[in-house]
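The values are calculated or read from the model by the stated rules, or taken from the named source; none is laboratory data. Just so you know, these numbers come straight off a predicted model, no measurement behind them. Neighbour counts run over all protein chains shown; Cβ positions are idealised from the backbone, glycine included.
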């Protein structure tokens, strides 16, 4: 098993498909936007032809109004872990979580889920101050998860996680990173953003907003989508809209590069061309 990481627009998907075709791999995408059906252009997911060419997992798994977290990717991985897999992820936080491990969660009933929604961050602070201080009061998802653990086990989340330490999901994986100069990457982002507009990004976002009518959905708050929604509000003209998407995508890429640099020891980091030579020509 290998993992291919790198910032957005660095060329991961194209290289993964080349590797898959040459060596008989399937691809597991760890991407927080490509997992959604109907978000095709904004996510820059592989084309229909590419998806037909190589078996992909983690793409088009759920609809934008369905919730997901790292456990969804773990569930997908568990089903295919005996296959030859290339893990490809711009959202390499999910890869890190699977390598470091996830604490097993208690059984949480629908009744407990409903009960947990009645409480807020202040309640979580009362039952587990240390845990609450790690969470922003606006982070309803993590607040509810902490309260669900408490209601299910009668144990503060901090103590629960001490009693149930993380267990790695992925144990053996060679990690390759596409290293790319930020100026070159920004040009690649510009080209990709222009292509997204030519493919119909604005129409796609209009469809998503019309169908789901909830701008707070994670898919509708993603880069490339949220800016178009602001364009609909009259905040930007088209030229400024495109520039804004490029700028925000470049900032995301910078954060991804910083994360990859600090979180993965032992990885092999090479330029796209050198990585292609190493993985496609020399093996």
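Here the condition is being closer than 24 Å to residue 219 by Cα, at pLDDT 95 or above and in a loop (DSSP other than H, G, I, E, B); of 27, 41, it holds for 41 alone. Looking at segment 263-283, which of the residues that are under 25 Å from the mean Cα position of the chain (by Cα) and part of a loop (DSSP other than H, G, I, E, B) is modelled with the lowest pLDDT? Only one residue tops the list, namely 265. Checking the structure you have, find out if any residue of segment 77-86 is surrounded by fewer than 14 Cβ atoms within 10 Å (Cβ to Cβ), more than 20 Å from the chain's Cα centre (by Cα), touching a residue at least 60 places away in the same chain (Cβ under 8 Å) and on the phi < 0 side of the Ramachandran plot. For segment 77-86, residues surrounded by fewer than 14 Cβ atoms within 10 Å (Cβ to Cβ), more than 20 Å from the chain's Cα centre (by Cα), touching a residue at least 60 places away in the same chain (Cβ under 8 Å) and on the phi < 0 side of the Ramachandran plot: present. Scanning segment 158-174 for residues that are surrounded by 13 or more Cβ atoms within 10 Å (Cβ to Cβ), in contact (Cβ under 8 Å) with a residue 60 or more places away in the chain and either more than 25 Å from residue 75 (Cβ to Cβ) or out of contact with any helix residue (DSSP H, G or I) (no Cβ under 8 Å at 6 or more places or on another chain) (or both) yields one hit, 164. Without any contact (Cβ under 8 Å) to a residue 24 or more places away in the chain and either crowded, with 21+ Cβ neighbours inside 10 Å or in the same structural domain as residue 220 (by TED's automatic domain parsing) (or both): does that describe residue 48? Criteria met by residue 48. Checking each residue in segment 239-256 for being over 13 Å from residue 190 (Cα atoms), in contact (Cβ under 8 Å) with a residue 24 or more places away in the chain and surrounded by fewer than 20 Cβ atoms within 10 Å (Cβ to Cβ) picks out 252, 254. Please go through segment 92-129 and give me each residue that is in contact with a strand residue (DSSP E or B) (Cβ under 9 Å, 6 or more places away or on another chain), on the phi < 0 side of the Ramachandran plot and assigned to a loop (DSSP other than H, G, I, E, B), ordered by number. Within segment 92-129, 92, 103, 104 meet the criteria.
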